[in-house]
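Let me begin by presenting the structure, written as structure tokens, before commenting on it.
Read-outs: derived from the displayed coordinates by stated rules, not from any lab. Here the structure is a predicted model, which is why all the values come from computation and not from measurement.
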Amino acid sequence: MSQTDLASKINLSRTSIVNIEQGRQHPSLYLLSLIANVLKIGVHDLIPNNVVPASKDEELNSVLTKAIFKTGISESSQEKLRSFTDKIINSGNES
């Protein structure tokens, strides 16, 4: 099945399918279930065995990046926010 066919069947763009395949976009469990259903496989077949959970630092950075992108805050405010979260992360690593 082509990326275009799959995208059409689950109401996504082909670009989204490419991004998921290349790890630039992370699908929800619901979306994984739609994909698995169309491909007639189990959801577990879509998840690699070597997935390494993100560290707390990586998770915080991801949340921070999404928040900055959505709110469109100034570069100055972005730097202040990053500095603040770095302090939080570093204080957590000291314990």
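Some observations on this one:
- Bins of 5 Å from zero: percent of alpha-carbon pairs in the range 3-46: 5, 25, 34, 30, 6
- Computed 3J(HN,Hα) for the range 73-86, one whole-Hz value per residue from the Karplus formula 6.51 cos²θ - 1.76 cosθ + 1.60 where θ = phi - 60°, is 6, 5, 4, 4, 5, 4, 5, 4, 5, 5, 4, 4, 5, 4, glycine and proline marked x.
- Considering only alpha-carbon pairs that sit under 8 angstrom and 6 or more positions apart, the relative contact order computed for the range 3-46 is 30 percent.
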